[in-house]
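The values are calculated or read from the model by the stated rules, or taken from the named source; none is laboratory data. Worth saying up front: this structure is predicted, and the values here are computed from it rather than measured. So basically every Cβ, Gly included, is an ideal-geometry build from the backbone, and we count neighbours across all protein chains shown.
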Ligand SMILES: [Zn+2]
Ligand SMILES: [Zn+2]
């Protein structure tokens, strides 16, 4: 398997970000990101203008974030070459979507796109001009996944007058863990159907006047690119700079995200490259996103293996509950019962790596 590390959910000048795609891509390449996913609000202009390509070492992939003005939901769309919904100009000059969340989520699925609910439980109220956009359309069963970790939301939600200067000067230090409510919801929904997770930065590089003294760029793109990343595992190699196969590579990455052959890393606490969580059962190997069907007639033992690139506290989570914990460079667990399993790696009180699930079931669909 080949592993690639990406930064997802980025705003450029094509919506409310302050950076040009060239600047953003240059910053990404300098910190060795294999891919970045632009998600400007309700627009694919970056793609239309030819920015979906290799920039040095980094693939720039263009998706979009639906900003539906009716009920204020945000939804990340990938792998779809068209905008969904009836778009009209909003008060701030951006385009808006007139469909309800249930409608556009269903439409995106029907057309073969991949969709992730953005910042599902966002609560921030620190900036009236940047209100919270929590998800309200949980009745929908058509979304592929949930953004369980959003740098921007976590950072803003923890902001107060006492820590403001520290948090502005050190935007990466204050990030602790994926949103608890989002993780809980993600595990819950997985009891019914497979829903995968991504981590993102929601980068804008807003310019902000701090304490009235000077204007600073809040979270320059390059700084954020060192924080929350999503790594994908692919069966085929991506050749750097190969624009002829760009479309295939993009599809492989987007499909890995849909499938959950991926894990989330806070790179500020260490490179996650090399993390693996896989199962062995009846002579076959199963990876992130896979489902194991236990054959009762065979009664073979399922074995879970986990490896991490440096020592960490490893938690085996089954259906939302931690059932085993071990500190080290890896672990092996056997006699695995049916359920949905994932791994959390912690460094002290800080979350480092969160994997997607391996599903174990004793009934064939
Ligand atoms: Zn958003
Ligand atoms: Zn956003």
Over the range 307-322, the set of residues within 10 Å of residue 342 (Cα to Cα), touching a strand residue (DSSP E or B) at 6+ places or on another chain (Cβ under 8 Å) and surrounded by 14 or more Cβ atoms within 10 Å (Cβ to Cβ) is 315, 316, 317, 318, 319
Matching option when the condition is modelled with pLDDT of 90 or more and touching a helix residue (DSSP H, G or I) at 6+ places or on another chain (Cβ under 9 Å), among 152, 78: 78
May I ask you to list the residues in the range 67-81 that are over 15 Å from residue 144 (Cα atoms) and within 16 Å of ligand 1 (Cβ to nearest atom)? 67, 68, 69, 70, 71, 72, 73
Verdict on residue 123 being within 16 Å of ligand 2 (Cβ to nearest atom) and either out of contact with any strand residue (DSSP E or B) (no Cβ under 8 Å at 6 or more places or on another chain) or modelled with pLDDT under 90 (or both): yes
Examine the range 21-36 for a residue that is crowded, with 24+ Cβ neighbours inside 10 Å, within 16 Å of ligand 2 (Cβ to nearest atom) and at pLDDT below 95, and state whether such a residue exists. no
Of all residues making up the range 223-250, the number that are surrounded by 13 or more Cβ atoms within 10 Å (Cβ to Cβ) and not in a loop (DSSP other than H, G, I, E, B): 12
Lone qualifier among 58, 69, 86 - being within 20 Å of residue 114 (Cα to Cα) and either touching a residue at least 12 places away in the same chain (Cβ under 8 Å) or assigned by TED's automatic domain parsing to the domain that holds residue 24 (or both): 86
In this structure, is residue 8 closer than 30 Å to residue 277 by Cα, within 16 Å of ligand 1 (Cβ to nearest atom) and under 18 Å from the mean Cα position of the chain (by Cα)? yes
Could you tell me whether the range 121-129 includes any residue that is at positive phi and either within 16 Å of ligand 1 (Cβ to nearest atom) or under 19 Å from the mean Cα position of the chain (by Cα) (or both)? no
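Residues are listed down the side, and each one gets a yes or a no for (1) out of contact with any helix residue (DSSP H, G or I) (no Cβ under 9 Å at 6 or more places or on another chain); (2) modelled with pLDDT of 95 or more:
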{"position": "163", "(1), (2)": "yes, no"}
{"position": "169", "(1), (2)": "yes, no"}
{"position": "175", "(1), (2)": "no, no"}
{"position": "178", "(1), (2)": "no, yes"}
{"position": "181", "(1), (2)": "yes, yes"}
{"position": "189", "(1), (2)": "yes, yes"}
{"position": "195", "(1), (2)": "no, yes"}
{"position": "199", "(1), (2)": "no, yes"}
{"position": "202", "(1), (2)": "no, no"}
Is it true that residue 23 is more than 16 Å from ligand 1 (Cβ to nearest atom), in contact (Cβ under 8 Å) with a residue 40 or more places away in the chain, in the same structural domain as residue 205 (by TED's automatic domain parsing) and touching a helix residue (DSSP H, G or I) at 6+ places or on another chain (Cβ under 9 Å)? yes
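Condition check: more than 24 Å from residue 32 (Cα to Cα) and touching a helix residue (DSSP H, G or I) at 6+ places or on another chain (Cβ under 6 Å). Does residue 84 satisfy that? If you could, list the steps in order and put the result at the bottom.
Details: more than 24 Å from residue 32 (Cα to Cα): yes; touching a helix residue (DSSP H, G or I) at 6+ places or on another chain (Cβ under 6 Å): yes.
So residue 84 fits the description; yes.
When you check residue 154 against the structure, is it more than 12 Å from ligand 1 (Cβ to nearest atom) and farther than 30 Å from residue 167 by Cα, yes or no? Walk me through how you get there before you give the answer.
On the way: more than 12 Å from ligand 1 (Cβ to nearest atom): yes; farther than 30 Å from residue 167 by Cα: no.
The answer is no for residue 154.
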From (1) surrounded by fewer than 16 Cβ atoms within 10 Å (Cβ to Cβ); (2) within 14 Å of ligand 2 (Cβ to nearest atom); (3) outside any loop (DSSP other than H, G, I, E, B), pick out the condition that doesn't hold for residue 72. (3)
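Can you pull out the residues in the range 55-69 that are within 12 Å of residue 133 (Cβ to Cβ) and either away from ligand 2 (no atom under 16 Å from the Cβ) or in a strand (DSSP E or B) (or both)? Let's see the steps before the verdict.
We begin by selecting, within the range 55-69, every residue within 12 Å of residue 133 (Cβ to Cβ); these are 65-69.
Passing the criteria: 65, 66, 67, 68.
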So which pairs qualify, if the first residue must be in the range 149-160 and within 20 Å of residue 7 (Cβ to Cβ) and touching a residue at least 40 places away in the same chain (Cβ under 8 Å), the second must be within 14 Å of ligand 1 (Cβ to nearest atom) and in a helix (DSSP H, G or I), the Cβ gap must be under 9 Å, and the two must be at least 6 apart or on different chains? 149/182; 150/182
